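Just below is one structure, and these are the notes that go with it.
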Amino acid sequence: AGSRGRLAVALGLMALMMPVVWSANNVGSFEVLDSQAASENVGDFLKRGSGEHTENWALLVCTSRFWFNYRHIANTLAIYRTVKRLGMPDSHIILMLADDMSCNSRNSEPGSVFNDDVKRLDLYGDNIEVDYRGYEVTVENFLRVLTGRHPDGTPPSKRLNTKSTSNILIYMTGHGGDEFLKFQDVEELSSRDIADAFAQMWEKERYNEILFMVDTCQAGTLANHLYSPNIFAVGSSQKGENSYSWGHDDYIGLSLVDRFTYVLLESLEKLSIGSDATLLSVLRTLDPRRLLSNPAFMTNLWRHRPLGDILVTDFFGAAVTVETGIPSYPILPENPESFSSNVEDSESSAGPWHQDTKAGLSYGTPITLSPQTDERWRMSLFSLLVYAALAIFLLLAAAPDSPTRRTVYN
């Protein structure tokens, strides 16, 4: 009974040790060679290769409802058309329209929106994607778009999916006053709300640079409390000044565009994709005599590069094409000698298999999976010792009991 009991205990211990030994032999048996260093090198390389600006986004907002605010819708649609004409895709544009003037029963041109009295161009057209419409245009949703704090289930088309290398054009138009902008005559967005949202964006690495443009009365005051870096703010008027509409259309029965946006578009319409025109050259056309107000510029937060280096297409144009220098993943030959000769030949011809000494990467050297030889050796030794100990214990347990010597006293 004693030997059978010891045998049962030994088998039980062996069964319990089997999962431990198996796990020790399998967990961590393969790893990416120098994965941490490789990821750091790749990150440094991409940062150096692409610079600080890799893409453009636009957030275009009209905050006004009702037919008599037709010009605010036209302002926003005109900027929307301009950024698309200069190459920005709809996937990088968030368009917020508080009303639908094209379908208003008072519109004598149903289905269309114009911003000039000769009606040369239908701004609404057939190719428009409105992301927030009508009562969706609220202060809450605007701030959510900026900060990225959306409810679960919000589709990508309603998200500003920017990152630390994104330049963002934020254009707003509507009715405003000293440090506020009205949303649909129901609620107000304050300058402090905007400042706090921009600060969150900077902390969360949601932008590289922001061009903040506002066409409303006392527009410049909306930038009074901004404190985050890399922001250039432009307003259609200064504190105590109104922003005015441009002309009047007798056929539609109201003004079709505001003066600030109209004069701005005059310059932007002369540009094409890839233009090297600077932003300052466009802003200099904002003549106070035509605007009937003094445009406001806030540049004290823009200290990282000269204002004269800002191109219009840094914000209004297409996303920047990024060339990292890394080719498509090559198919490696089986013969190592052939591989070496290919590397030498391609390096000499400045082909894709070159080495970036600054980034410390050889593009022709793939990151592969390889067994951890030392680790596997240690695990095998551990397993051997465990099995040996169990075997000895098993042998001892299986040995028959020695007969008990009894002393008989007569």
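The values are calculated or read from the model by the stated rules, or taken from the named source; none is laboratory data. None of these values were measured; they are calculated from a predicted model. Cβ sites come from the backbone with ideal geometry, for glycine too, and all protein chains shown count toward neighbours. To get the accessible areas, we keep the full protein, side chains included, count just its heavy atoms, and leave off ligands, DNA and RNA. Shrake-Rupley method; radii C 1.70, N 1.55, O 1.52, S 1.80 Å.
Structure above, values below:
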read-out: Amide H partners (placed H, <5 Å) of Gly176, local residues excluded; value: Lys182, Cys217
read-out: Accessible area, probe 1.4 Å, largest first, for residues Val186, Val130; value: Val186, Val130
read-out: Linear extension gain, Arg192 paired with Leu254, 0.36 nm per residue minus alpha-carbon span; value: 19.0 nm
read-out: Of all accessible heavy-atom area on segment 51-316, the percent that carbon and sulfur account for (1.4 Å); value: 47 percent
read-out: Relative contact order [Cα under 8 Å, 6+ residues apart], segment 51-316, whole percent; value: 21 percent
read-out: Karplus 3J(HN,Hα) series, Hz, for segment 200-205 with 6.51 cos²θ - 1.76 cosθ + 1.60 (x for Gly, Pro); value: 4, 4, 5, 5, 8, 6
read-out: Amide N of segment 241-272 lying under 19 Å from the label point, which is placed 7 angstrom from the Cα of Leu121 along Cα→Cβ; value: 246-249, 256-272
read-out: Relative contact order (%) - criterion: Cα under 8 Å, at least six apart; region: segment 102-158; value: 20 percent
read-out: Signed unit charges on C-beta, dipole axis of segment 51-316, positive-most listed residue Val139, Tyr207, Pro306; value: Pro306
read-out: Distance violations [Cα-Cα > 27 Å] among Lys204/Lys270; Lys119/Lys270; Lys119/Lys239; Lys182/Lys239; Lys158/Lys270; Lys158/Lys239; value: Lys204/Lys270; Lys119/Lys239; Lys158/Lys270; Lys158/Lys239
read-out: Within-15-Å neighbourhood charge of Lys239 [Cβ basis; K, R +1; D, E -1]; value: -3
read-out: Accessible area expressed per residue, segment 51-316, with surrounding protein chains retained (probe 1.4 Å, Å²); value: 41 Å²
read-out: Residues with amide H under 5 Å from that of Gly125, placed H, sequence gap 5 or more; value: Val113
read-out: Percent antiparallel among DSSP beta bridges (both partners in segment 51-316, rounded to 5); value: 30 percent
read-out: Other-chain or far-sequence residues with amide H under 5 Å of Glu55's (modelled H); value: Asn167, Val320
read-out: Charged-residue dipole, Cβ positions (Lys, Arg, Asp, Glu), segment 51-316 about Cα centre, Debye nearest 20; value: 320 debye
read-out: Fully extended contour minus Cα-Cα distance, from Asp276 to Trp67, at 0.36 nm per residue; value: 71.4 nm
read-out: Alpha-carbon centroid distance for the pair segment 210-255 / segment 291-306, whole angstrom; value: 12 Å
read-out: Relative contact order (%) - criterion: Cα under 8 Å, at least six apart; region: segment 196-329; value: 25 percent
read-out: Per residue convex hull volume, Cα atoms of segment 51-316, in Å³; value: 122 Å³
read-out: For peptides 301-311, 105-115, sequence by mean Cβ density within 10 Å, most packed first; value: 105-115, 301-311
